[in-house]
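Taking it in order: structure first as structure tokens, then the write-up.
The values are calculated or read from the model by the stated rules, or taken from the named source; none is laboratory data. Remember, it's a predicted structure, so these values are computed and weren't measured experimentally. Heads up, the Cβs are rebuilt from the backbone with ideal geometry, glycines too, and the neighbour counts pull from every protein chain shown. Keep in mind that these areas ignore ligands, DNA and RNA; they rest on the heavy atoms of the full protein, side chains included. Shrake-Rupley method; radii C 1.70, N 1.55, O 1.52, S 1.80 Å.
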Amino acid sequence: TLLHRAFNLARRQTPPKVRYVPYIPQLKEDNVRKGFLEHPEYAASCQALPDEVKPILTFAYYTGCRRGEILSLQWTQVDLARRIVRLEPGTTKNDQPRNLPLVAELYEMLAIQKDIRDST
């Protein structure tokens, strides 16, 4: 892809640096996500992890968010009253904002985390 792009840019120069762009076969991409957890595996992981890591796993399991999205969350993005978490533009892989609904277990976990934060 990079080589093909370089030839196209060279062809568009004034004067053109190359006369034609040769055929360059593309390699097949294998960008399929792997490593999904079934609920029994999630439950077993929750029991095995230290308490301070469990909220991260819970959030990842129920939302499918990436690690960076989870670790960069701010409390201003969490709306417990409406039961949503807002991912801001520029913080997601495609830079698009998203609203994540909070299922019961995720809502309870976030409410507990907020109580812990507010009590310290």
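Things worth noting here:
- Theoretical ellipticity at 222 nm over the chain - DSSP helices of four or more residues, -39500 (n - 2.57) apiece, nearest 500: -13000 deg cm²/dmol
- With a cut-off of 15 Å between beta carbons, the residues surrounding Arg19 carry a summed charge of +3, where Lys and Arg count +1 and Asp and Glu -1.
- Per-atom-type breakdown for the stretch 1-84 gives carbon and sulfur 56% of the accessible area (1.4 Å probe, protein chains only).
- Full extension of the chain segment joining Arg12 with Val53 gains 9.5 nm, where the gain is 0.36 nm per residue of separation less the Cα-Cα distance.
- Heavy-atom surface of the stretch 1-61, accessible at 1.4 Å and reported per residue (Å²): 89 Å²
- Highest-MSF residue in the chain out of Arg98, Arg66, Arg12 [GNM, Cα springs under 10 Å]: Arg12
- Normalised contact order of the stretch 23-120, rounded percent, pairs of Cα under 8 Å and 6 or more residues apart: 18 percent
- Counting charges near Pro97 (Lys, Arg +1; Asp, Glu -1) among other residues having Cβ under 14 Å from its Cβ returns a value of -1.
- Calculated from the structure at hand, P(r) over Cα pairs in 10 Å bins from 0, in percent is found among (1) 10, 30, 22, 12, 12, 10, 3; (2) 14, 42, 27, 12, 3, 1, 0; (3) 14, 51, 32, 3 as (1).
- Given +1 at the Cβ of Lys and Arg, -1 at the Cβ of Asp and Glu and no other charges, the dipole of the chain around its Cα centre is 1160 debye to the nearest 20.
- Protein heavy-atom accessible surface, 1.4 Å probe, per residue over the stretch 65-120: 68 Å².
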